[in-house]
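Novice: I am attaching a structure below and will ask some questions about it afterwards.
The values are calculated or read from the model by the stated rules, or taken from the named source; none is laboratory data. Treat the numbers as computed from the prediction; the structure is a model and nothing was measured. No Cβ is skipped: glycine too gets one built from the backbone with ideal geometry, and neighbour counts run over all protein chains shown. When the accessible area is computed, the model is the full protein with side chains, heavy atoms only, and any ligands, DNA or RNA have been set aside. Shrake-Rupley method; radii C 1.70, N 1.55, O 1.52, S 1.80 Å.
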Amino acid sequence: MTQPVNPGFGSVAPLKNVAECMAVAQKIIDRPAGVDGLGLFYGPSGYGKSKASQYVQNKFKAIYIEVFEYWNKQKLCKAILSELGVANPKGTFIELMDQILRTLQDDPNRLLIIDEADKLIDKHMIEFVRDIYKGARIPVLLVGEERLPDKLKAYERCENRVTGFGMANPCDLADAQALARIYQRQLTVSDDLLGHIVHETNGVTSRVVTSLAEVGQWARANQLLEVDLKAYSGSIFTGRAPRRR
């Protein structure tokens, strides 16, 4: 059975992890009065967590920041303020924090998404996020690697406020079909080839996407509009380095 091209999808495939991230965000946004609004969306690298959280950002008009390794607490504040529309934010750390709280208090239901939140925990900066959450009472979604919930246990005051959990899972055949419709719109990829790609990549979404690009290049070189497992002799990106034969 083959999957026909469906050009109706947008730039983000309707994967299960997108739905999972959406569900966590919706839960903390719609929380009843008195219920805390911290959410976690976590899973191994390559499972498409950032793509899913960016989709949620667009859906809810959320504030989205991605934490980098070199950031300090002042850079964190400036990044949030920049996303809030403050041009060239300046001031001491305390002044920046006060400005964040004042700005966020004007829109208390606006979601804040923090990607790569593990880095804030590793740098002992996660308590500043709790201060922002506590001061502005906005919903906050922390996105990170598989050990994010375990790392947060070291910060009990943060962990106790988590009321929404979502775990990213590996790609399955249905996800691969959706990705093929997005990334290879002009090509029909058979289910047996997609299933083989999922197996060889261990369901890592980024590797599935890279493998689909390989299939697309191979199909164009061979002037094909349909590809199945029997015909395909191109490569599949498994993430494993080639070894000397």
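Novice: With the condition kept exactly as written, say whether any residue in the range 190-206 is hydrophobic (A, V, I, L, M, F, W, C) and in a strand (DSSP E or B).
Specialist: Restricting attention to the range 190-206, the residues satisfying the condition of being hydrophobic (A, V, I, L, M, F, W, C) are 193-194, 197-198, 204.
Keeping just the survivors that are in a strand (DSSP E or B) gives none.
No - not one qualifying residue is present in the range 190-206.
Novice: Could you give every pair whose Cβ atoms fall below 6 Å, whose first residue belongs to the range 78-103 and is over 16 Å from Asp131 (Cα atoms) and free of Cβ contacts under 8 Å to residues at least 60 places away in the same chain, and whose second residue is open to solvent by 60 Å² or more (accessible area, probe 1.4 Å) and among the acidic types (Asp, Glu), counting only separations of at least 6 or pairs across chains?
Specialist: As it stands, the answer is none, since no pair meets every condition given.
Novice: Consider the range 132-146. How many of its residues are open to solvent by 10 Å² or more (accessible area, probe 1.4 Å) and either in contact with a helix residue (DSSP H, G or I) (Cβ under 7 Å, 6 or more places away or on another chain) or at positive phi (or both)? If you could, list the steps in order and put the result at the bottom.
Specialist: In the first step, residues of the range 132-146 are kept if they are open to solvent by 10 Å² or more (accessible area, probe 1.4 Å); the result is 134-135, 137, 145-146.
Those still in the list that are either in contact with a helix residue (DSSP H, G or I) (Cβ under 7 Å, 6 or more places away or on another chain) or at positive phi (or both) too: 135, 137, 145.
Adding up the residues that qualify gives 3.
Novice: Please determine whether any residue of the range 138-152 is in contact with a Gly (Cβ under 8 Å, 6 or more places away or on another chain) and small (Gly, Ala, Ser).
Specialist: No, because not a single residue in the range 138-152 is in contact with a Gly (Cβ under 8 Å, 6 or more places away or on another chain) and small (Gly, Ala, Ser).
Novice: Of the conditions (1) farther than 30 Å from Ala33 by Cα; (2) in contact with a helix residue (DSSP H, G or I) (Cβ under 7 Å, 6 or more places away or on another chain); (3) without any contact (Cβ under 8 Å) to a residue 40 or more places away in the chain, Asp192 clears all except one; give me its number.
Specialist: Here Asp192 clears every test but (2).
Novice: Select, from Asp98, Asp115, Asp122, the only residue that is among the charged types (D, E, K, R) and open to solvent by less than 10 Å² (accessible area, probe 1.4 Å).
Specialist: Numbers: Asp98 fails: open to solvent by less than 10 Å² (accessible area, probe 1.4 Å); Asp122 fails: open to solvent by less than 10 Å² (accessible area, probe 1.4 Å).
Among Asp98, Asp115, Asp122, only Asp115 is among the charged types (D, E, K, R) and open to solvent by less than 10 Å² (accessible area, probe 1.4 Å).
Novice: Give the range 188-203 a look and list any residue that's of a type outside the set (Gly, Ala, Ser) and either surrounded by fewer than 19 Cβ atoms within 10 Å (Cβ to Cβ) or at pLDDT below 95 (or both), or say none.
Specialist: Step one: of the range 188-203, the residues of a type outside the set (Gly, Ala, Ser) are 188-189, 191-194, 196-202.
Scanning the range 188-203 gives Thr188, Asp191, Asp192, His196, His199, Glu200, Asn202.
Novice: Suppose we filter the range 204-226 for residues that are open to solvent by less than 30 Å² (accessible area, probe 1.4 Å), of a type outside the set (S, T, N, Q), free of Cβ contacts under 8 Å to residues at least 60 places away in the same chain and under 25 Å from Tyr47 (Cα atoms); how many remain?
Specialist: So the first thing to find is which residues in the range 204-226 are open to solvent by less than 30 Å² (accessible area, probe 1.4 Å), and the list is 204-205, 208, 211-212, 215-216, 219.
From what's left, of a type outside the set (S, T, N, Q): 204, 208, 212, 215-216, 219.
Those left that are additionally free of Cβ contacts under 8 Å to residues at least 60 places away in the same chain: 208, 212, 215-216, 219.
With under 25 Å from Tyr47 (Cα atoms) added as a condition, the list becomes 208, 212, 215-216.
Residues in the range 204-226 being open to solvent by less than 30 Å² (accessible area, probe 1.4 Å), of a type outside the set (S, T, N, Q), free of Cβ contacts under 8 Å to residues at least 60 places away in the same chain and under 25 Å from Tyr47 (Cα atoms): 4 in total.
Novice: Moving to a separate point now. Does the range 4-14 include one or more residues that are touching a strand residue (DSSP E or B) at 6+ places or on another chain (Cβ under 8 Å), modelled with pLDDT under 95 and more than 19 Å from Arg110 (Cα to Cα)? So that I can check it myself, show each step before the final result.
Specialist: Step one: list which residues in the range 4-14 are touching a strand residue (DSSP E or B) at 6+ places or on another chain (Cβ under 8 Å), which gives 4-5.
Among the residues that remain, those that are also modelled with pLDDT under 95 are: 4-5.
Now narrow it down to the ones that are more than 19 Å from Arg110 (Cα to Cα): 4-5.
Yes.
Novice: Continuing with this model, one more query. Within the range 150-183, which residues are open to solvent by less than 70 Å² (accessible area, probe 1.4 Å), touching a residue at least 60 places away in the same chain (Cβ under 8 Å) and not aliphatic (A, V, I, L, M)? Talk me through it step by step, then tell me what you get.
Specialist: Of the range 150-183, the ones open to solvent by less than 70 Å² (accessible area, probe 1.4 Å) are 151-152, 155, 158-159, 161-164, 166, 168, 170-182.
Within this subset, residues satisfying the condition of being touching a residue at least 60 places away in the same chain (Cβ under 8 Å) are 152, 158, 161-164, 166, 168, 170-172, 174-175, 177-182.
Matches in the range 150-183: Cys158, Arg161, Thr163, Gly164, Gly166, Pro170, Cys171, Asp172, Asp175, Gln177, Arg181.
Novice: Take the residues of the range 27-64 that are aromatic (Phe, Trp, Tyr) and open to solvent by less than 40 Å² (accessible area, probe 1.4 Å): which is farthest from the chain's Cα centre (by Cα)? Talk me through it step by step, then tell me what you get.
Specialist: At the first step, the residues of the range 27-64 found to be aromatic (Phe, Trp, Tyr) are 41-42, 47, 55, 60, 64.
Then drop every residue that is not open to solvent by less than 40 Å² (accessible area, probe 1.4 Å), which leaves 41-42, 47, 64.
Values: Phe41: 8, Tyr42: 9, Tyr47: 8, Tyr64: 11 Å.
It comes out as Tyr64.
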